[in-house]
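Each value in this text was obtained by applying a stated rule to the coordinates, not by laboratory testing. What you are looking at is a predicted structure, and each value in this text was computed from that prediction instead of being measured. With ideal geometry, Cβ positions are generated from the backbone for all residues, glycine too; neighbour counts draw on all protein chains shown.
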Amino acid sequence: MFYLKFDIVFLLINMVSRDKEHDSRIAIRLPSKERQQIEQLIDEGKFKNISQMIREAVTLFLSKEGQALQRFLEKQSEASA
């Protein structure tokens, strides 16, 4: 019986700790002022935690970069046509 309880608890912990969508870790260094600004946004309820804020910032940045790249490629295509 003990092993069954242990296995269930272990399984639940692994299910919670394994985030299939966010499976990569990156360590970054930020100036203290930027860290404080991030923590203020979290305190205001705009983000749940630092990871969520950083993920959303990276997603936004990559989206904008992708749009800029797409516009550049379209201009290159128009220029060569």
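For the stretch 30-81, the dipole from Cβ point charges (+1 on Lys and Arg, -1 on Asp and Glu) about the Cα centre works out to 40 debye, to the nearest 20.
Beyond 13 Å, how much of the Cα-Cα pair distribution for the stretch 39-81 remains, as a whole percent? The calculated P(r) of the stretch 39-81 puts 63 percent of pairs beyond 13 Å.
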